[in-house]
Amino acid sequence: MKINVTLPDGNVREYEEGATAMEVARSISEGLARNVLAAKVNDEVRDADRPLPGDCTLSLLTWSDPEGKNTFWHSSAHLLAEALEALYPGIKFGIGPPISNGFYYDVDLGDKVLTDADFAAIEAKMKELALRKSVFQRREVPKQEAVAYYREKGDEYKLELLEGLRDGEITFYTQGDFTDLCRGPHIPNTSFIKAIKVMSLAGAYWRGDEKRKQLTRLYGVTFPKQKELEEHLAMLEEAKKRDHRKLGRELELFTFSEKVGQGLPLWLPKGAALRERLVNFMKTAQEKSGYEQVSTPHIAHKDLYVTSGHYEKYGKDSFQAIKTPHEGEEFFLKPMNCPHHCEIYKSRPRSYKELPIRLAEFGTVYRYEQSGELHGLTRVRGFTQDDAHLFCRPDQVKDEFKKVIDLVLKVLKALDLNDFTAQVSLRDKDDHSKYIGSEENWAKAESDIQEAVGETDMKYVVEYGEAAFYGPKLDFMVNDALGRQWQLGTIQVDYNLPERFELEFVGSDNQKHRPVMIHRAPFGSLERFLAVVIEHTAGRFPLWLAPEQAIVLPISDKFVENARDMVRILKDSDIRASVDERNEKIGRKIRDAELAKSPFMLIIGEKEAAEGTLSIREHGQGDLGTMAPDRFATMVNERIEAQLSGDR
RNA sequence: GCCUUUGUAGCUCAGAGGUAGAGCACUUCCUUGGUAAGGAAGAGGUCACGGGUUCAAUUCCCGUCAAAGGCUCCA
């Protein structure tokens, strides 16, 4: 019997029945066979050495395929487990999956406490075992046998995993002396794993449940070539250099103080200038789009959050109430702006004619985050949202959504964040019971969102079951310069709050109707957004956003006065500039300005002073020649305009 | 909150059971220099905080606080 194998290029080849993917690879080329990690057979990823099931489509997976990498790292997790079992006999195993940058294995080490001093020994053991070229042997076993195996081994974690599996679908993989319950697939043998690094150590609750035992999680990363490991480590180094916490200190953007409290950033003048630019940028854009600015206090009466439902849901995780001394009334720091905005909406009767009403506020909110969760500016306890709430009629949802998407795209463009994905989060397909709001409204909003998104040219994915209980949403996940993904802007439809606050408008039928509310924040929070911008640009902010756009460098003190005059001229053209008045040589001033990432260095000496010009040097570019200050200002302002209109 | 690690000058980091060091930054002086570090001198630390062990602790032990990586959570 022969079978027909269809390859990705459409070629159909004939093989003997029982041929493996590896044999197919070998028939194409030895080189390919050496690199095959796994095979995708009719869309299922399988071991390359398993016989093909008959006529099928086949793609051979190598390191360059995401599934190939996953398989490689999954097998590496098994190798890590094998090494750990060899080094610490009797330990128990949780799970060991591949992740986006490597893999981990959760283990119960009993009384043994692992520290990073043990990494070298673990790596050495893994390398030793990898060289044995152990094959990953697949074996289908009856459930009883699997249970018996782990009973004897005394591994309650694997037994628990087995409970969730049906008889007949259980497979074991064995490489060397290590056998693991595993669906597979795996790479052909351990010798593919050439470069190994144990990265870090962490506690991880069994099955992510903090009431259960905390296991030791070991993270590792492996590669088929030593060079790739080195590149990976270099990439991590680069990420460290761009870390917004480090750049924030170096560029004097923000700081933290133990006295003020953790998770509460203090913005330094230059950082505050950045915030100011972002806020102004957004305000201008919003004014053009029919938003109205409002302003609400930082605290509110407990009743507000009882009405909104947040008190019940989050009260215990929130900060403690502030009580008035005589009446004992309870107030809370505001964790979000929407309840306040609902009250603004309610301040008078509303007609269908005035909808949509768009209330915007750069509202600073406070949330209690667990101490271990705080991280630089991306996770803080006090932050400012570029928040707005759109109150509209159900028939306006699509249009409003569309406008918000345009606004978000404009923001991302101005910040050069061109690599992003939009995620549409809809209801669980099978279970509509956990969502509030009418079936009719949901169905309409869900199709509105998808249509609105579909009418743009951006990439998007639809996730079912990811909607909030109160409405569907659209999130923007931005990939930064290092390929890391961040959730920034968000647009959410909300049926819950209009209900709870009993919001109404009078329709053309003279009847009362319930408006739909849309929450939206293109930046998300200024803090997190700036963190991403800092890391994405490595501190070289777009010209329009840079705290200082130009620094004037006099050749010697004789020209300080001329330099000051130049700054005055530039400021008249809205260029942010200052003078480096230090008694230093020009080389030094240039070096420091380059390190401070000043976009332009304007050098003024005898020649320029006589001509009334400036010698222009651009950050990272070098000398651009001389220019009169007004011409320089025009050039800068033209560039800014181009950046803001996304036209470059 | 939990697990592992860390906390020495403004920053980056050495160091040792006998009360501290470097580079950069800072101050003063000299130098007035043309596209990535001019020279000299000086000042600056309760070695995170609180206990304990010790003749002696910044160093060893415990606790607290803060930070890093992860887990959990995220209106």
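The values are calculated or read from the model by the stated rules, or taken from the named source; none is laboratory data. Note that the coordinates shown come from a computational prediction; the quantities given were computed from them, not determined experimentally. With ideal geometry, Cβ positions are generated from the backbone for all residues, glycine too; neighbour counts draw on all protein chains shown. The area values use the complete protein model at the heavy-atom level, side chains included, leaving out ligands, DNA and RNA. Shrake-Rupley method; radii C 1.70, N 1.55, O 1.52, S 1.80 Å.
So the values come out like this:
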| quantity | calculated |
| --- | --- |
| Solvent-accessible area per residue, Å², over region A:67-237 with all protein chains present [probe radius 1.4 Å] | 49 |
| Across A:270/A:346; A:246/A:398; A:353/A:444; A:270/A:323, pairs whose alpha-carbon gap is larger than 32 Å | A:270/A:346; A:246/A:398; A:270/A:323 |
| Furthest towards positive pole of dipole, A:199, A:188, A:120, structure part region A:67-237, Cβ charges | A:188 |
| Folded to 0 to 90 degrees: helix A:629-644 orientation relative to chain A principal axis, Cα | 50 |
| Within the accessible area of chain A (1.4 Å probe), percent carbon and sulfur | 47 |
| Dipole magnitude (debye, nearest 20) for chain A, charges at Cβ of Lys, Arg, Asp, Glu | 1060 |
| Estimated vicinal HN-Hα couplings, Hz - region A:404-416 in sequence order (Karplus 6.51, -1.76, 1.60; Gly, Pro = x) | 5, 4, 4, 5, 4, 5, 4, 4, 4, 5, 5, 9, 6 |
| Helical mean residue ellipticity (222 nm; -39500 (n - 2.57) per DSSP H run of 4+; nearest 500) of chain A | -11000 deg cm²/dmol |
| Nearest-ten-degree value, helix A:586-595 long axis tilted from longest Cα axis of chain A | 60 |
| Per residue accessible area in Å² of region A:2-62, where ligands, DNA and RNA are left out and the probe is 1.4 Å | 51 |
| Efficiency of FRET between residue A:451 and residue A:324 - r from beta-carbon atoms, R0 51 angstrom, step 0.05 | 0.55 |
| Equivalent ellipsoid semi-axes, region A:583-648, via Cα gyration tensor eigenvalues times 5, rooted, Å | 23, 17, 8 |
| Subset of A:211/A:334; A:125/A:227; A:133/A:197; A:571/A:597; A:69/A:133; A:413/A:589 violating a 23 Å alpha-carbon distance limit | A:211/A:334; A:413/A:589 |
| Accessible area per residue in Å² at 1.4 Å probe, computed on region A:478-582 | 38 |
| Peptides A:499-508, A:608-617 ordered by average Cβ neighbours within 10 Å, highest first | A:608-617, A:499-508 |
| Neighbour net charge for residue A:294 - beta-carbon separation under 11 angstrom, K R +1, D E -1 | -3 |
| 0 to 90° range, to nearest 10: angle between helix A:119-131 axis and chain A longest Cα axis | 50 |
| For chain A, Kirkwood radius (reciprocal of mean inverse C-alpha pair distance, Å) | 29.4 |
| Positive-end extreme of charge dipole, region A:550-644 - chosen from A:634, A:569, A:622 (charges on Cβ) | A:622 |
| Debye, to nearest 20: dipole size of region A:67-237, +1 on Lys, Arg Cβ, -1 on Asp, Glu Cβ | 280 |
| Check: region A:2-62 dipole with +1 on Lys, Arg Cβ and -1 on Asp, Glu Cβ, in debye | 140 |
